[in-house]
Amino acid sequence: MERLFNPRGVAVIGASTNPGKIGYRIVENMVKSGYTGRIYPINPKGGEILGWPVYGGLADVAGDVDVAVLSVPADHVMKAVSDCGQKGVGHLVVVSSGFSEIGNLAGERDLVAAAQAHGMRVLGPNIFGIYSAASRLDATFGPGGILPGHVAIVTQSGALGIAMIGKTAAESLGLSALISVGNKSDIDEADLLAYLADDPSTRVVLLYIEGVKNGERLVRTLRQVTQRKHVVVIKSGRSARGAMAAASHTGSLAGADDVFDDVMRQCGVLRAESVQEAFNWVRFLASAPLPVGEDAVIVTNGGGIGVLATDACEKFGVRLYDNQPVLASAFAEVMPEFGSSKNPVDLTGQATGQDYARSLDAVLARPDMHAAVALYCETALFDTRQFADLLRSVYRRYQTTKPIVLALFGGERIEAMIRELRSEGIPVFGDVYEAISVLGALYRSWRRLNEDEGEPEEPPAIDVEAVQGVLRRAGAGGRKFLLAHEAAEVAAALGLRMPRSIVARDLDQAVRAAETIGYPVVMKVVSKDIVHKSDAGGVALDLANRSEVVDAYQAILRSCLAHKPDAVIEGVEVVEMVRAGVETIVGARQDPSFGPVAMFGLGGIYVEVMKDVSFRAAPLTGRVAREMIGSIRSYPLLLGVRGERRKDIGAAADVVLRLGRLIAECREITDIEVNPLVVYDYGEGVKAVDVRILFEVQGGDAA
Ligand code: ACO
């Protein structure tokens with residue numbers, strides 16, 4: 001990647017002397033950005049562009065060409081690739097459209113294969129180019145004027161990426177790199193992230209993603225990068241693909257966007273809702289120092305705005321300093337008489353600019369107060385010019401040691417003040433919510449930077465070979481789901497506790513089975529001819545004694561034969577009646593974007609309505625499994641409500657881990673679901689009531 005970002009020479013194939021053409025614009029931007037290497041415009045017509053001679057072909061170039069930008073129509077691309085291969089080019093930046101984005105998959109495959117045959121990597125096709133601050137290279141057809149800085153943008157959208165160039169310039173946001181990835185035929189986000197993680201001038205990476213191609217690799221890379229740099233993502237395209245592929249609860253609950261959201265959180269990536277939010281975040285993350293602790297203090301002149309900020313702190317995960325005696329003494333000297341030293345510290349509407357400056361000093365000078373939020377509602381008492389100077393000087397004094405954000409609210413004078421301070425790089429906003437949102441983003445990313453991934457864990461012991469054996473046998477006839485007894489075998493190989501069950505061929509056996517298992521029991525008809533057992537009257541619940549078992553046995557036989565007179569009834573299955581507990585659902589599946597993912601959620605009959613589930617890329621660690629369980633809205637039910645005892649969360653996490661390992665190691669399984677997994681009180685474990693498995697065995701259909 002070094003050759004792509006720091007090329008010694010860049011050829012532009014399709015460079016044109018016509019300023020209306022993309023091939024001209026690219027050369028123009030390279031010249032204007034002050035690219036430090038050699039520029040080689042290529043066009044059979046020859047000539048000169050902005051002082052650089054145009055070469056008739058790559059073969060005429062004597063110097064080293066590390067990067068070739070291809071700006072010729074799609075049907076000329078293969079010839080250019082071959083010329084680049086002959087020349088020993090390292091990277092192709094293929095601007096041309098006309099490949100997989102319009103269904104030309106073969107053309108794109110051929111392009112990559114031809115490039116790889118010469119050891120070249122391909123960026124694109126269908127892109128607007130690349131900018132690298134390291135070599136002052138703007139090889140894009142964007143508007144130019146990119147400022148060097150510390151934010152790297154990797155974008156899948158061309159139009160939005162080009163628009164971002166203008167926006168970064170308007171917001172004085174400096175970039176270390178800007179890469180358009182387009183169709184991602186070869187180089188993708190993971191390749192670029194791996195490079196940017198080591199790039200000393202990149203502090204923050206902003207990803208704009210429309211669809212994930214190689215999700216497993218992306219997850220692995222992101223997990224490493226977020227331990228070193230801030231990563232923000234904007235994702236569009238709330239695709240229905242995941243839901244379409246769904247054939248189970250796990251699938252139908254897995255809206256593609258929900259999985260993306262959860263997996264990004266797992267990776268420590270900050271997901272922004274809008275481009276503006278993403279810009280606010282990356283701007284702040286690129287300039288703010290890392291906090292040394294969690295405790296922030298809000299200083300305000302208005303109670304209402306202080307409460308709004310407090311609410312926003314809760315939403316964005318900003319913790320407020322809470323030692324009341326210390327707050328009272330810290331602000332005793334600087335607080336007007338009517339003020340409140342509770343956090344938010346309310347200086348009241350009669351506060352002056354000096355009061356603000358002294359209060360912020362009181363916060364920022366203390367080692368136990370780690371970040372400051374200054375809120376201001378315009379009043380007549382203020383000289384805004386003097387106020388701007390005071391804020392500027394407090395900010396400058398502490399800008400390298402403590403995170404500081406400001407939110408000012410008022411009329412035209414305030415708006416002008418915001419514009420002025422922002423243009424100087426001071427994080428000031430016209431809205432409390434935006435100010436707290438950027439501070440929250442910094443805290444979330446900082447927690448990830450400090451997160452200890454822990455020692456590698458011993459994976460849970462599961463018998464993958466036994467599972468594969470069950471799948472092979474079941475799939476031999478082309479079947480793609482497991483029958484109940486096969487699923488029970490898989491559950492045993494996974495080490496899951498299922499209810500005890502015995503198949504009885506006659507009434508005597510049924511009674512003996514019930515007595516062996518212990519009352520109460522459930523009875524279900526066993527017949528290949530009866531698919532929907534309940535509809536046929538083939539299920540009896542909560543049988544408490546011998547006579548209830550006898551009655552139920554006869555009733556089941558009667559109603560099943562009435563339902564389907566020619567049904568062959570093999571017997572009844574007598575099953576332990578599962579005690580009540582908290583019903584949860586645990587699943588795992590092969591996700592179309594991220595590969596193996598695990599799911600945990602609240603189970604029971606409302607599962608579809610509540611959709612209270614969380615996803616994580618598998619395999620997981622014990623810590624991730626517990627964190628995943630803790631992230632559902634109904635988690636308090638597992639902690640025990642109204643005097644109930646805490647539930648056995650560790651045992652539930654163990655099931656999540658086991659399913660996560662299975663789905664990662666046994667790719668034949670497309671979906672596995674334990675529903676419900678009943679979770680009992682702490683120390684009493686869990687019970688997997690029903691296990692369903694869908695799978696695809698290679699060659700299974702043929703057998
Ligand atoms: N070697 C060198 N030069 C060549 C070759 C070759 N093998 N073949 C043709 N050329 C020259 C042409 O003669 C022409 O030069 P001229 O202006 O002197 O006549 C120049 O290369 C360009 O060729 P054109 O046929 O004029 O093509 P044009 O510039 O109109 O379009 C382009 C080429 C821009 C690559 C176009 O095919 C295309 O794909 N456009 C879409 C780009 C795009 O949108 N990318 C997506 C990301 S950005 C976003 O979405 C907003």
Unit charges at the beta carbon, dipole of the chain: most positive-side option, ALA190, MET628, VAL89
VAL89
How large are Rg and Dmax for segment 20-110 when only the alpha carbon atoms are used, in Å?
13.6, 40
Only bridges with both residues in the chain count here: give the DSSP antiparallel percent, nearest 5.
50
Where the centroid of each part is defined by its Cα atoms, how far is segment 192-233 from segment 74-132 in Å?
23
Select from LEU160, VAL67, TRP281 the residue farthest towards the positive end of the dipole of the chain; place +1 on Cβ of Lys and Arg, -1 on Cβ of Asp and Glu, and compute about the Cα centre.
VAL67
Relative contact order (%) - the chain, alpha-carbon pairs under 8 angstrom, separation at least six
9
May I ask for log10 I(q)/I(0) of segment 253-338 at q = 0.12, 0.16, 0.19 Å⁻¹, from a Debye sum over the Cα atoms as equal point scatterers with solvent left out?
-0.58, -0.91, -1.12
So if each residue of separation counts as 0.36 nm, and I subtract the Cα-Cα distance between ALA170 and ALA194, what length gain in nm does that give?
5.7 nm
Which FRET efficiency, nearest 0.05, do ASN450 and ALA332 yield, Cβ-Cβ r, R0 45 Å?
0.85
Among VAL572, PRO592, VAL679 - extreme Cα towards positive end, dipole of segment 565-703, charges at beta-carbon
VAL679
FRET efficiency for ALA580 and GLU415, using Cβ-Cβ distance with R0 set to 56 Å, rounded to 0.05:
0.40
Classify segment 511-570 as rounded, prolate or oblate, taking a ≥ b ≥ c as the square roots of the eigenvalues of its Cα gyration tensor: rounded when a/c is under 1.5, otherwise prolate if a/b is larger than b/c and oblate if not.
prolate
Charged-residue dipole, Cβ positions (Lys, Arg, Asp, Glu), the chain about Cα centre, Debye nearest 20
980
Determine the calculated [θ] at 222 nm for the chain from helices alone, applying -39500 (n - 2.57) to every DSSP H run no shorter than 4 residues and normalising by the residue count; nearest 500 deg cm²/dmol.
-12000 deg cm²/dmol
With label points built 7 Å along Cα→Cβ from the Cα atoms of THR400 and THR379, find their separation and express it in nm.
3.5
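Compute and list, largest first, the equivalent-ellipsoid semi-axes of segment 556-630 from the alpha carbon gyration tensor, each √(5λ) rounded to a whole angstrom.
Details: eigenvalues 282, 55, 34 Å².
Each semi-axis is √(5λ); the values are 38, 17, 13 Å.
Provide the convex hull volume over Cα atoms per residue for segment 365-512, in Å³.
Once divided by residue count, the hull of segment 365-512 is 323 Å³.
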Under the rule rounded for a/c under 1.5, else prolate if a/b exceeds b/c, else oblate, using alpha carbon gyration tensor axes a ≥ b ≥ c, segment 114-237 is classed as rounded
Relative to the longest principal axis of the C-alpha atoms of the chain, give the angle of the C-alpha long axis of helix 189-198, reported between 0 and 90° and rounded to the nearest 10°.
60
Taking only protein heavy atoms and a 1.4 Å probe, what accessible area per residue, in Å², does segment 1-143 have with all protein chains in place?
41
With the full set of protein chains in place, find how many percent of the accessible area of the chain is carbon and sulfur; take the probe as 1.4 Å.
52
State in Å² the accessible area per residue of segment 461-592; use a 1.4 Å probe, count heavy atoms of protein chains only, and round to the nearest integer.
51
Using the Cα gyration tensor of the chain, with a ≥ b ≥ c the square roots of its eigenvalues, what is the shape: rounded (a/c below 1.5), prolate (a/b larger than b/c) or oblate (neither)?
oblate
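The values are calculated or read from the model by the stated rules, or taken from the named source; none is laboratory data. Source: prediction; values computed, not measured. For neighbour counting, all protein chains shown are included, and Cβ atoms are generated from backbone atoms with ideal geometry for every residue, glycine included. Please note that ligands, DNA and RNA were not included when accessible areas were found on the heavy atoms of the full protein model with its side chains. Shrake-Rupley method; radii C 1.70, N 1.55, O 1.52, S 1.80 Å.
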